[in-house]
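The values are calculated or read from the model by the stated rules, or taken from the named source; none is laboratory data. Computed from a predicted model, the values in this text were never measured in an experiment. Cβ: placed from backbone, ideal geometry, glycine included. Neighbour counts: every protein chain shown.
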Amino acid sequence: MLAPSSAPIPEQDWQTTGATGSLQNLKKFNSQDFKELRALCLSQGLLFEDATFPAHSSSIGPSLLPEEKLWQIQWKRPTELQRNPHLIMDGISRFDIMQGEIGDCWMLAALGSLTLRKQFLENVLPKDQGFQDDYAGIFHFRFWQYGEWVDVVIDDRLPFLNGRYLSVHPRTSNEFWPSLLEKAYAKLRGSYQNLNGGYLSDALVDLTGGVQVQFSLKDPPPDLEEILKAADKSRCLMGCSTSGQSRRNIELRNGIVQGHAYTVTGAVKIPYKNGWKHIIRIWNPWGHGEWKGPWSDDSPQWDRVEPKYREALLRNKDDGEFWMSCENFQEEFSWLYICNNTPTFLDFGDEHYTTWSLNSYTSLWSPGLPTRRNRYSQAGAASTNPQYFFRVLDHNPKTYNVAISLMQKHAEHVQDEKNLKIGFFITTENSRVLKQIFIRSRDVSSYFILSPGTYAVVPAATADQEFQFLLRIFIKSQDYNENSNSPSGPVLPMDVSRQNQDSSYKALFLRYAKQGSTIDALQLQQLLNEVILQDEMTSLGGRFSFDSCRGILALMDLNSNGRLTLQEFGSLWRSLTKYMDIFSKEDRNRSGFLDVAELKNAIQAAGLATSGQLLRLMTLRYGDAAGRVGFSDFVCCMLRLDTMSRECQHPPGHGQQGSLQSQAESQGHDTRLGNTCLTAWLGSGAPGPSPGMAQAALWAACLPGAWFISCPLEQLAAREQFSVQ
């Protein structure tokens, strides 16, 4: 359930909230240390009982339930409910979540979006806990609060009313991460009652430490489509909400619930009839209840969509998720929310790769500085309040280059304290007020297009009441380096936003190497699946298998020791980011696959030669039954293509490999990729390859990790006949 009037209308078309925090220096909520408490319980053979958030009506809250029901609450541990409970079963998904009796759809909608972005999820849900090893009835979760990441410890006693979950309940009976995470968030906010109605914008920020934008779908900015494209491409969290003033959800005949929050889980453009259609995928945190109009699960529109798109996108289940057109989306929903650790959703229209710098300040605003009558005056605002200066160097009149977020800090354990009406002025060097925005909200933010120059931000409030605030100023800068046309790839939300590719891949390497000096195939598989495939559209084509990661490692492992060093991983990372950019550009319908024509364009975009025969070969080896290639297979394919192309152009100068290549050349056979090396490999449909071709094939096969076809030739011949020229 959304809080009444949950989306305040700013003077600008849309507003933002957010910040960053320190994951390396966690604040212990209530001074509770998870590891120390668990060790104590294990040494004493006891299950943890949290005295700071007890199994008592005080943790529920006095107004959530009638008094007679409040005293009927029972608290049960997962071990009392299931013989074999798990924290996580078969990975984490939004479909694990089903909303309970509490009206916290706003929090669960944000949580549903979080499950799609694994790099954020790992910050919230630590891996050092579970029901199998060192179980002591204690768990912990992390949330961002006013510039700090806070570690919240809980016991695993969950509230039940008449045998049913009071809180969120899992779709799988023995999986408990949703219920326990929700309990930790309830503790952070003071009680379960404080989850009953809230702001989706607050939850997105609390779960990510990110900067968030919200804008009205009834009066959207003219570049809404571009913002959505940039948000989807940069893997932002997204949610939406419907209007509704009452605290009771009303489901309309078309299936949409009023006063409710949803997760936006996808946005694609697909060929439809004689043109293209923009459709948006949305998920209901109830776990059921779907849109019944055009593009819903059983709508006739899907009958006119090509099978390959329909199979990739349509999931005809009553799981709360559905598609709808952009037009219906704007008609049925009121607000759209987008969140990321930096304002990457504003990176549209840029000719160069951009980065965002961040300056943050914490201070106290005093009402005694400006008087009431001059608080909004230019002189009073600029001269009597603290000013925070920043400088703009780059400017593109068509794109936003500055984002400013002001957050008022509530007293600890007083999460439901009423918000003041706060805001800020932006002034020029001569103290002229250029912009101003004031809203009654926890966060007041906006985005601007500012010309090069020096500016100041002046926080203020409209009431005679002091408040502590956190101010963040994001400034965009262009990267004009020779590699600036390609984004740096997945960005991890560490302490500060990543400024360059080197720091990103180095931190990533150390994280998965467990601070060691190398990574093996298993660690590489985990890294690729959790980081590279964090975008759901990219992951539609399947995950990286262990065997494929062994093949990738063999290609990049110059020392032939079965492990990658930091330097070798750096080379792989640069290739991955290049291939991600190419795949994203060629997968124009965002299906998660490349067809033959798109694959050909992708290979050419990588600067490699190809032919029709080679394309057929590649789709047989790496494609699905329809000949489509997913992203993980595309990466494996491109790495092998690139390796063989380089080796064919620069063969070894000594030994058998070089002599084989020379023999092939002497017999007039082209050893460029896609011709002799690969054609000789097939051999089916012809009397037999010539000795020179066989030797060239042997030379290609001897290249480190350069095998191309793993299935028997007879199976290939049964699927399609190839001739050898």
Among (1) modelled with pLDDT of 90 or more; (2) part of a loop (DSSP other than H, G, I, E, B); (3) more than 30 Å from the chain's Cα centre (by Cα), CYS41 falls short only on (2)
Exercise for the section: Answer with yes or no whether ALA231 is touching a residue at least 60 places away in the same chain (Cβ under 8 Å), surrounded by 23 or more Cβ atoms within 10 Å (Cβ to Cβ) and farther than 29 Å from LEU166 by Cβ. Expected result: yes
Note on the range 606-623: residues in a helix (DSSP H, G or I) and not β-branched (Val, Ile, Thr) are GLY612, GLN613, LEU614, LEU615, ARG616, LEU617, MET618, LEU620, ARG621, TYR622
Exactly one of LEU108, LEU114, LEU87 is touching a Gly at 6+ places or on another chain (Cβ under 9 Å) and closer than 17 Å to GLU182 by Cβ, and that one is LEU87
Residue hits (the range 541-569; farther than 19 Å from ASN529 by Cβ and part of a helix (DSSP H, G or I)) are LEU566, GLN567, GLU568
*Condition check for ASN274: surrounded by fewer than 16 Cβ atoms within 10 Å (Cβ to Cβ), modelled with pLDDT under 90 and more than 21 Å from ARG94 (Cα to Cα)*: yes
The one condition ASN123 fails out of (1) of a type outside the set (Ser, Thr, Tyr); (2) within 23 Å of TRP286 (Cβ to Cβ); (3) surrounded by 20 or more Cβ atoms within 10 Å (Cβ to Cβ) is (2)
If we scan the range 400-410, do we find a residue that is touching a Phe, Trp or Tyr at 6+ places or on another chain (Cβ under 9 Å), in a loop (DSSP other than H, G, I, E, B) and modelled with pLDDT of 80 or more? yes
